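So the structure is just underneath, and the comments pick up after that.
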Amino acid sequence: MKGLVGRRSEVTRSGAEDIRRRVVAGLWVASLLAILGFLVVYPILMLLLGALTDTNPVVEGFSLAHLSPANFLTVLANPNVAEALANTLIACGGGTLIAVVIGLAFSWIVVRTNTPFKGFIAAASILPLFAPPLVAGVAWAILGSPKTGLINTMLKWMNLDWRVDFYSLWGLVFVFGIYYAPYVYMFTSSALRNMDPSLEEAAEISGASAFATLFSVTFPLIMPAIVSGMLLSFVVMLGIYGIPAVLGAPTNLSVLTTYIFKLTNWSPPLYNTAAAVAIILMVVTGLLVFLQQRVLSGRSYTTVAGKAFRPRNLDLGPWRWFTFAVGIVYLLVVVILPTLALIVAAFRKFMFIRDAASLFDMRQYSLMHFHSIFDNPLTLRSIYNAVEVGIITAVVGGTLAFAIGYTIHRTNVTGRRSIDIVSTLPVAIPGLVIGVAYLWAWIGIPGGASTAPSGSWRWLSSRASCRIRSRRCRPRSCKSTVSLRKRPGSAARVCSAPSGRSCYRWQARA
């Protein structure tokens, strides 16, 4: 009798515990969806509202009156928008092709060859990620100006009848390609490390050469990583403002991002037209995501192996020094030359350089620009604001991204699919569209311009990194932690928190 009563009480306690867990899980999911709705859904809806109305949110606030597609018709009929769209597609498409070639080459060199100093090459491959786009644009404007560029000055000094002009569409393509190749490298190098080399060995046994195997077996197997890297690079290029603004302004070369910025800075600002152009930019991105899904759907890219494996290294022989030289040249072009250009411009009194001898005339250099900068109180305020926003974004964004990633991939709560869909949207939307969306979401609210959480979309973009890390975390270790009567929170600290540190590092770097 006592045993029956004990079993009944145990069942009652387990039922109450189960109800409590469901309530806590429901509240947790509802909280995440509320945060995501506030940070993601609300700005997108306000952006769409702005594109469909003709009211000024600063003066008149938000209104549902006069809803019409007039702004879209005006934008589509404007030849300047068509030109900006064509320039955008050419610049981003060409830059993506260059990025894919460079990223694939470096991932293959680092992961699958015996090239010396591979760690150095791997570090050089991701260094462009640490250069802000505006800084990169300024550096290449100093290097590639058709009249006073440092490269043209040195070519003239060497009596070479050849000049470069980075104030052009092809200059924009080149800079885009070399600076966003690391995105392709990060995706493809990880895929190559995790790929079973048995199929490559079978192809070589069948008589295929090393390069034939590379293009017929290796690259097709990592096609999801290649396509994902291409898409990410293209989307990032779509939303970049700094590089097109610097390299395109001297020749009035417009892309969609610079055109949107012009619309918001005219007097009076054309917020509605800017919102319509931003929607068009977002539609272009959505079509690319759809094409990615169509390309990858219905195919299998999984290799089945019965035992553990290690990626093999291809012996390049004497050619290994050529691949090492390729890494050195990339480091020289992407890091050293732009850095030297910025140093010359920072210390030189006047940027006009008559000839190569004038470049090495030390009388032309001084600290006058640094004195003028630090005498301006706005400089220190700008540095403080940048550091403050960066730290808050890294800490809060990393925490939010880790919470979302853990909920989606390490729990089975109801509603996690909705969290996955909503939190993935910021990754697929260009940065300037995000800015216009937040402008519309907050500009019509009293005090909204000063309280807009402008870094929150960047918080959510780091979820892509956390999502990958969460998938790499072994579920068995989490399950074993739970089986040892640890709570889910303890399991998260033990087996998932180490992978979450990468989210904070990713976010701080962003």
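The values are calculated or read from the model by the stated rules, or taken from the named source; none is laboratory data. Since the model is a prediction, treat every value here as computed from it, not as a measurement. Please note: Cβ atoms are built from the backbone with ideal geometry, for glycine as well, and neighbour counts cover all protein chains shown. Heads up: the accessible areas ignore ligands, DNA and RNA and are worked out on the full protein's heavy atoms, side chains in. Shrake-Rupley method; radii C 1.70, N 1.55, O 1.52, S 1.80 Å.
Exactly one condition in (1) of a type in the set (A, V, I, L, M); (2) outside any helix (DSSP H, G or I); (3) open to solvent by less than 70 Å² (accessible area, probe 1.4 Å); (4) modelled with pLDDT under 85 is false for Leu253; which is it? Against the list (1) of a type in the set (A, V, I, L, M); (2) outside any helix (DSSP H, G or I); (3) open to solvent by less than 70 Å² (accessible area, probe 1.4 Å); (4) modelled with pLDDT under 85, Leu253 comes up short only on (4).
Has the range 102-120 got at least one residue that is open to solvent by 10 Å² or more (accessible area, probe 1.4 Å), modelled with pLDDT of 90 or more, part of a helix (DSSP H, G or I) and among the β-branched types (Val, Ile, Thr)? Checked against the condition, which is being open to solvent by 10 Å² or more (accessible area, probe 1.4 Å), modelled with pLDDT of 90 or more, part of a helix (DSSP H, G or I) and among the β-branched types (Val, Ile, Thr), the range 102-120 yields at least one hit. For the structure I just gave you, tell me whether Leu49 is assigned to a helix (DSSP H, G or I), modelled with pLDDT of 80 or more, open to solvent by less than 50 Å² (accessible area, probe 1.4 Å) and closer than 24 Å to Pro268 by Cβ. Against the criterion (assigned to a helix (DSSP H, G or I), modelled with pLDDT of 80 or more, open to solvent by less than 50 Å² (accessible area, probe 1.4 Å) and closer than 24 Å to Pro268 by Cβ), Leu49 qualifies. Confirm whether Val164 is surrounded by 13 or more Cβ atoms within 10 Å (Cβ to Cβ), without any contact (Cβ under 8 Å) to a residue 60 or more places away in the chain and out of contact with any Lys or Arg (no Cβ under 9 Å at 6 or more places or on another chain). Yes; evaluated as a whole, the condition is true for this residue.
Inspection of the range 225-236 finds no residue satisfying the criterion of being on the phi > 0 side of the Ramachandran plot and either within 19 Å of the chain's Cα centre (by Cα) or of a type outside the set (Val, Ile, Thr) (or both). Would you point out the residue of the range 174-200, among those that are out of contact with any helix residue (DSSP H, G or I) (no Cβ under 8 Å at 6 or more places or on another chain) and part of a loop (DSSP other than H, G, I, E, B), that is surrounded by the most Cβ atoms within 10 Å (Cβ to Cβ)? Looking at residues that are out of contact with any helix residue (DSSP H, G or I) (no Cβ under 8 Å at 6 or more places or on another chain) and part of a loop (DSSP other than H, G, I, E, B), I get Pro197. Cβ-Cβ distances below 8 Å connect the following pairs, each with a first residue in the range 67-84 that is free of Cβ contacts under 8 Å to residues at least 60 places away in the same chain, a second residue that is open to solvent by 50 Å² or more (accessible area, probe 1.4 Å) and in a loop (DSSP other than H, G, I, E, B), and a separation of six or more residues or different chains: Ser68/Asp54; Ala70/Asp54. Exactly one residue out of Arg458, Arg417 is under 19 Å from the mean Cα position of the chain (by Cα), in a helix (DSSP H, G or I) and either modelled with pLDDT of 75 or more or closer than 23 Å to Thr258 by Cβ (or both), and it is Arg458. Test Gly171 against the criterion of being without any contact (Cβ under 8 Å) to a residue 40 or more places away in the chain, in a helix (DSSP H, G or I), small (Gly, Ala, Ser) and out of contact with any Cys (no Cβ under 9 Å at 6 or more places or on another chain), and give yes or no. No; evaluated as a whole, the condition is false for this residue.
Within the range 173-213, the set of residues being more than 16 Å from Ala131 (Cβ to Cβ) and touching a Gly at 6+ places or on another chain (Cβ under 7 Å) comprises Val173, Val184, Phe187, Thr188. For the range 307-320, the criterion of being at pLDDT 85 or above and over 30 Å from Gly239 (Cβ atoms) is met by no residue.
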